[in-house]
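First the structure, in the form of C-alpha cells, and then the observations on it.
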Amino acid sequence: MPGFAYPVFPDNYTPVGDIATIAVCYVVLILMAFSYIRKSSSYLLFRLIVPTLIFAAAINVFYNVAIIRLGYGLPVFILHWLRHASLLLVFQLFVLYIAEVSNLSGSRKRILRLGSAALIVLFLAADAFFTFFGSAGRPGPEIILRSNRIFMAGYILYSVLCVVLMALVQKRLYMRVMLGFYGSVLLSFLVMTVQYADGQVSFTCLTFLFPVIAMFYIMHANPYDVMMGTIDGSALGDVIRDYYTRKKPFVYFSLFLPNYDSGDSEFPHAIRSLVRQSSFKYFRGSILFHVGNGHMIMLFPAQRNPGYEERISQVLSAFRDQRRIYRYEYKIVVGESVDALSLKNAYLPLIHSIHRTMEENTVHRVTKADLETYDRSSYILKQLEDIHKSQDLDDPRVLVYCQPVYNLQTGQYDTAEALMRLKLDEIGLVFPDQFIYLAEEHGYIHMLTKIILHKTCKAIYRLRLTGHEIARISVNVSVLELKDEHFCEDIIGIIARSGVSGDKVAIELTESQNESDFHVMKSKIDELKEKGIKFYLDDFGTGYSNMERIMELPFDIIKFDRSMVLSSGASHRSEKIVADLASLFSRLDYSVLYEGVETDADERMCRDMSASYLQGYKFSRPVPIADLQDWVPKKEKGAQP
Ligand code: G
Ligand code: G
Ligand code: MN
C-alpha cells in the first residue's frame, strides 16, 4: 500500500473480519432502535451482547495495530487481555441468554450464572498471570502465543458449554427455532476451523456474529413464541392466501383454552410442550399461529400428511391424558379447508362462531351445517352493519314485539316489555339469540336500541291517541351502550321528539360484574331518572348477584328470572330463599316482577312471593307491538276528558 512506510497489521491479520462485525452489529443496533420489539428479559440480555461484541472487535483492531506500532509492551498486553475478556464475556452472555429463553428454573439459572462466571474469572486470571507475571517482566511473542492457547481453550470450552446447554433445553423450545441456532453455531465452527487452517486470526469476532444475527431475527424480530413455536396471528391470512392460490388443501386444528382468554396470561407449560412437540412430530409442514389469548391454530397441508386423521386422534388422546393431570378447560375445533372460507379468510370468525355454541372440553369437527350457520350469521352481521350505517330510526328490518305484563295491583295489562326481532329478506324472522351478541360484538347495538325506542315511543303515542291506558313499556338496553358518551342525549332526544313523556318509558339493564361499568351505569341511570324514566333490573338470579351493588343503583323494578320461578317450584328450600329475597326487595320499595310464568301453579306461587307484576306465556307470548292494543285497558268512553 503506497503511503504507508511500514505494514499496518501483522501478516496473519486483516481488519476485514472485525470491521464487518462492527458494521453488522451497528445495523442490528439500528434495527433494534427502529422496530417494535417486546422488552422481554431475554431481549434485555441481547441488548448487552451487541455492544459487547462491538467492543471486542474494536479492541481486536487496536491490538493488532498496536503490535506493529508499539511492539510487545504493556499496552499491547493490556489490549490482548481485554480482547479475551470481552469475547469471553460475550460467551457468558450467550449462556445466560440460553438459560433465559428456555425458562430454566431460578436455581438452575443461578448455578449456570455462578459456574460460567467462575469459568471466566479462572481463564482471565490465568491469562493475566501468564502474560504479566509469567513473562518475568520481559514479555515477547511467545507469551502472546501462550495466552492465545489459553483463550482457545476457553473458546472451545464455552462453545461446548453452549452447545450442551442448547441440547439440554432443546425439548423446552420449538424445534424449528433450535435448528436455526444449530445452523448458526455450525457456521461459526466452520469459519473458526478454516481460519486456523489458514494460519489466520482475523475472523474470531466474526464467528460470534452468526448466533447474534440468528438470535435477533428468530427471537426478537420475528413474532415467534419460542416456547410454543407459534407465530403471530396476523400471519395467518397470508399463509391461507398462499395455500389458496397454490390450490393446496389444508387442515386447521384450533385449540382454545377459555380460562386463558383474559389478560395476557399465557398457556400452561404442559400445553406448550405438547403443542410444540406434537405439531412438529406429527404433522409435516405444520405452522402454528397464536391468534388470541389462550387460542392457537395449527395449519398443515393435507396432501403432505396422508392419514392425518389418525394422528389427530393420537394428539387428542395425548391431550386428554394431560388434561387429566392439569384440568384446564378446552375447546378444540378441527376442519378442512373450503375455498369459500379461504377466499374470505374466514376461518377465525367461523371458529369463534362455533366456540359460542360448543360445550367446553369437547372436540368439534366442522361440518356443512356449521358452514351454513356461519353463512347465516355473516349475512345477519352484514345486515346489522347496514342498519347501523343507514341511521334510519324507521328501518323496516327492525321489528318491535311486545310481551304484555300483568299488573297485580290494577289487575290489568298496563305495562309491557319491548322485544326486538329482525325481518331479513333472505332468512325471514330472526330472534335475539341470533343477533344481539353480534350487534354487541361489533358495536351496532346502540343503533338497534335507538330504533326500538323510537318505534316503541311511536306505539305508545298511538295507544294513547286511541284511549289506551298504557302505564309504560320497557326497552332492553345493553350495558355496553352506556359507555357511549351520547347515550343519555340519544335516549332523551328520541323520547322528546316522539311527544310522549319520559315516565312512559322504562329501561331494562342486566347486572355487570365490571367495576368501571358500575360507575358508568350509576351516573347514566341518575341522569335519565330525572326525566322520569324508570329502571328495571333484568334477569335477576342468573348472574353472580351482588346485592350491595344492586342496592346502590336506583332500580324501580327487579325482574326475577324464570330460573328463580323454576327453582322455587322445584324445592322448598329454594322457594324460601326466593320468597325471602322478593320480600326483602319489596320492603325496600322495589317492585318485584316474575318472568317466565307459564302455569297456574307458577302464578299462584309468584303471587305468594311478594309479586307486583307477572310476565310469561301463561298470560301472553310476545306479540307484534301493533297488537298490544288488544291487551292494554281502554278508558271508559264517558270518562274521557
Ligand atoms: O323474547 P326474546 O327471545 O326476544 O328475548 C331474548 C333475549 O334477548 C332477552 O334476554 C332480551 O333481554 C334480549 N332482547 C330482546 N330484545 C332486545 C333489545 O331490543 N335490546 C337488547 N339489548 N336485548 C334484547
Ligand atoms: O329480556 P328478558 O331476558 O327478560 O327476555 C325475556 C325472554 O323470555 C324473551 O325471550 C321471551 O320470549 C322469554 N319468555 C317470556 N315469557 C316466557 C315464559 O313464560 N317462558 C319462557 N320459557 N320464556 C319466556
Ligand atoms: Mn328483558
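It is to be established whether one or more residues within segment 138-151 are among the small types (Gly, Ala, Ser) and either surrounded by fewer than 12 Cβ atoms within 10 Å (Cβ to Cβ) or more than 22 Å from Ser86 (Cα to Cα) (or both). Spell out the reasoning first.
Of the residues in segment 138-151, the ones among the small types (Gly, Ala, Ser) are 140, 147.
When the remaining residues are screened for being either surrounded by fewer than 12 Cβ atoms within 10 Å (Cβ to Cβ) or more than 22 Å from Ser86 (Cα to Cα) (or both), the result is 140.
Scanning segment 138-151 turns up at least one residue that is among the small types (Gly, Ala, Ser) and either surrounded by fewer than 12 Cβ atoms within 10 Å (Cβ to Cβ) or more than 22 Å from Ser86 (Cα to Cα) (or both).
Would you confirm whether any residue within segment 466-475 is under 22 Å from Gly541 (Cα atoms), within 16 Å of ligand 3 (Cβ to nearest atom) and outside any helix (DSSP H, G or I)? Break it down stepwise before answering.
As a first pass, look at segment 466-475 and keep what is under 22 Å from Gly541 (Cα atoms): 474-475.
Adding the requirement that they be within 16 Å of ligand 3 (Cβ to nearest atom) leaves 474-475.
With outside any helix (DSSP H, G or I) added as a condition, the list becomes 474-475.
Checking segment 466-475: at least one residue is under 22 Å from Gly541 (Cα atoms), within 16 Å of ligand 3 (Cβ to nearest atom) and outside any helix (DSSP H, G or I).
Using beta carbons and a limit of 6 Å, which pairs, at least six apart or on different chains, have the first residue in segment 254-273 and closer than 17 Å to Met298 by Cα and the second one at pLDDT below 75 and open to solvent by less than 30 Å² (accessible area, probe 1.4 Å)?
Correct list of pairs: Arg272/Met227; Arg272/Met228.
Within segment 568-579, take every residue that is buried (at least 16 other Cβ atoms within 10 Å of the Cβ) and aliphatic (A, V, I, L, M) and give me the one that is farthest from ligand 1 (Cβ to nearest atom).
If we take residues in segment 568-579 being buried (at least 16 other Cβ atoms within 10 Å of the Cβ) and aliphatic (A, V, I, L, M), then Ala579 is farthest from ligand 1 (Cβ to nearest atom).
Output yes when any residue across segment 593-606 is surrounded by 13 or more Cβ atoms within 10 Å (Cβ to Cβ), within 20 Å of Val479 (Cβ to Cβ), within 16 Å of ligand 3 (Cβ to nearest atom) and assigned by TED's automatic domain parsing to the domain that holds Lys483, and no when none is. Don't jump to the end; show me each part of the working.
Residues of segment 593-606 surrounded by 13 or more Cβ atoms within 10 Å (Cβ to Cβ): 593-599, 602-603, 605-606.
Those still in the list that are within 20 Å of Val479 (Cβ to Cβ) too: 593, 595.
Pick out the ones that are also within 16 Å of ligand 3 (Cβ to nearest atom) and you get 593, 595.
Right, trim to assigned by TED's automatic domain parsing to the domain that holds Lys483 and you get 593, 595.
Checked segment 593-606: at least one residue is surrounded by 13 or more Cβ atoms within 10 Å (Cβ to Cβ), within 20 Å of Val479 (Cβ to Cβ), within 16 Å of ligand 3 (Cβ to nearest atom) and assigned by TED's automatic domain parsing to the domain that holds Lys483.
Which residue, of Ile387, Ile427, is surrounded by fewer than 16 Cβ atoms within 10 Å (Cβ to Cβ), more than 23 Å from Pro633 (Cα to Cα), β-branched (Val, Ile, Thr) and more than 10 Å from ligand 1 (Cβ to nearest atom)? Walk me through how you get there before you give the answer.
Values: Ile387 fails: surrounded by fewer than 16 Cβ atoms within 10 Å (Cβ to Cβ).
From the options Ile387, Ile427, the qualifying one is Ile427.
Would you say Ser353 is touching a strand residue (DSSP E or B) at 6+ places or on another chain (Cβ under 9 Å), closer than 26 Å to Ser234 by Cβ and more than 16 Å from ligand 2 (Cβ to nearest atom)? Break it down into steps so the answer makes sense when it comes.
Working: touching a strand residue (DSSP E or B) at 6+ places or on another chain (Cβ under 9 Å): no; closer than 26 Å to Ser234 by Cβ: yes; more than 16 Å from ligand 2 (Cβ to nearest atom): yes.
So Ser353 does not fit the description; no.
Exactly one of these conditions fails for Ala582: (1) over 18 Å from Ile473 (Cα atoms); (2) open to solvent by 20 Å² or more (accessible area, probe 1.4 Å); (3) without any contact (Cβ under 8 Å) to a residue 40 or more places away in the chain. Give me its number.
Unmet condition: (2).
Take the residues in segment 484-526 that are open to solvent by less than 40 Å² (accessible area, probe 1.4 Å) and not in a helix (DSSP H, G or I), then tell me which one is farthest from Ile550 (Cα to Cα). Before you say what the answer is, go through the steps one by one.
Of all residues in segment 484-526, those open to solvent by less than 40 Å² (accessible area, probe 1.4 Å) come to 487-488, 490-491, 493-495, 498, 500, 502, 504-509, 512, 517-518, 521, 524-525.
Add one more test, that the residue is not in a helix (DSSP H, G or I), and what stays is 500, 505-509, 512.
On the way: Val500: 29, Val505: 21, Ala506: 17, Ile507: 15, Glu508: 13, Leu509: 11, Ser512: 10 Å.
Of everything passing the filter in segment 484-526, Val500 is farthest from Ile550 (Cα to Cα).
I'm checking my understanding of the structure. Among residues of segment 529-543 that are more than 14 Å from Gln513 (Cα to Cα) and among the aromatic types (Phe, Trp, Tyr), which one is farthest from ligand 2 (Cβ to nearest atom)?
Phe535
From Val475, Val479, which residue is farther than 29 Å from Val632 by Cα, of a type in the set (Val, Ile, Thr) and within 16 Å of ligand 1 (Cβ to nearest atom)? Even if it seems obvious, please write down each step before you answer.
Numbers: Val475 fails: farther than 29 Å from Val632 by Cα.
That would be Val479, the only listed residue that is farther than 29 Å from Val632 by Cα, of a type in the set (Val, Ile, Thr) and within 16 Å of ligand 1 (Cβ to nearest atom).
Are any of the residues in segment 611-626 away from ligand 3 (no atom under 15 Å from the Cβ), at pLDDT 95 or above and under 17 Å from Ser567 (Cβ atoms)?
Yes, there is a match, as at least one residue in segment 611-626 is away from ligand 3 (no atom under 15 Å from the Cβ), at pLDDT 95 or above and under 17 Å from Ser567 (Cβ atoms).
Can you work out which of the residues in segment 431-468 that are among the hydrophobic types (A, V, I, L, M, F, W, C) and open to solvent by 50 Å² or more (accessible area, probe 1.4 Å) is farthest from the chain's Cα centre (by Cα)? Break it down stepwise before answering.
Pass one, segment 431-468, residues among the hydrophobic types (A, V, I, L, M, F, W, C): 431, 435-436, 438-439, 445, 447-448, 451-453, 457, 459-460, 463, 465.
Right, trim to open to solvent by 50 Å² or more (accessible area, probe 1.4 Å) and you get 431, 465.
Working: Phe431: 30, Leu465: 53 Å.
Only one residue tops the list, namely Leu465.
Is there any pair with a first residue in segment 74-89 that is in contact (Cβ under 8 Å) with a residue 12 or more places away in the chain and a second that is part of a helix (DSSP H, G or I) and open to solvent by 40 Å² or more (accessible area, probe 1.4 Å) whose Cβ atoms are under 7 Å apart and which are 6 or more apart or on different chains, and what are they?
Val76/Leu70; Phe77/Phe132; Leu79/Phe62; Ser86/Phe55
Which one is surrounded by the fewest Cβ atoms within 10 Å (Cβ to Cβ), of the residues in segment 176-220 that are touching a residue at least 24 places away in the same chain (Cβ under 8 Å) and in a loop (DSSP other than H, G, I, E, B)?
Restricting to residues being touching a residue at least 24 places away in the same chain (Cβ under 8 Å) and in a loop (DSSP other than H, G, I, E, B), the top hit is Gly199.
Could you tell me whether Glu636 is more than 21 Å from Leu537 (Cβ to Cβ) and not assigned by TED's automatic domain parsing to the domain that holds Ala471? Break it down stepwise before answering.
Working: more than 21 Å from Leu537 (Cβ to Cβ): yes; not assigned by TED's automatic domain parsing to the domain that holds Ala471: yes.
Judged against the criteria, Glu636 is a match.
Of these, Leu79, Leu119, Leu93, which one is within 22 Å of Gln195 (Cβ to Cβ) and in a helix (DSSP H, G or I)? Please lay out each step first, then the result.
Numbers: Leu119 fails: within 22 Å of Gln195 (Cβ to Cβ); Leu93 fails: within 22 Å of Gln195 (Cβ to Cβ).
None of the others qualify; the one that does is Leu79.
Read through the list (1) open to solvent by 70 Å² or more (accessible area, probe 1.4 Å); (2) closer than 26 Å to Ile271 by Cα; (3) free of Cβ contacts under 8 Å to residues at least 12 places away in the same chain, then give the number of the only condition that Ser105 fails.
(1) is the only condition that Ser105 fails.
In this structure, is Val565 surrounded by 16 or more Cβ atoms within 10 Å (Cβ to Cβ) and modelled with pLDDT under 95?
Details: surrounded by 16 or more Cβ atoms within 10 Å (Cβ to Cβ): yes; modelled with pLDDT under 95: yes.
Considered against the rule, which asks whether it is surrounded by 16 or more Cβ atoms within 10 Å (Cβ to Cβ) and modelled with pLDDT under 95, Val565 comes out as yes.
The values are calculated or read from the model by the stated rules, or taken from the named source; none is laboratory data. This one's a predicted model, so the numbers in the text were calculated from it and none came from an experiment. We place every Cβ from the backbone using ideal geometry, glycine too, and count neighbours over all the protein chains shown. To get the accessible areas, we keep the full protein, side chains included, count just its heavy atoms, and leave off ligands, DNA and RNA. Shrake-Rupley method; radii C 1.70, N 1.55, O 1.52, S 1.80 Å.
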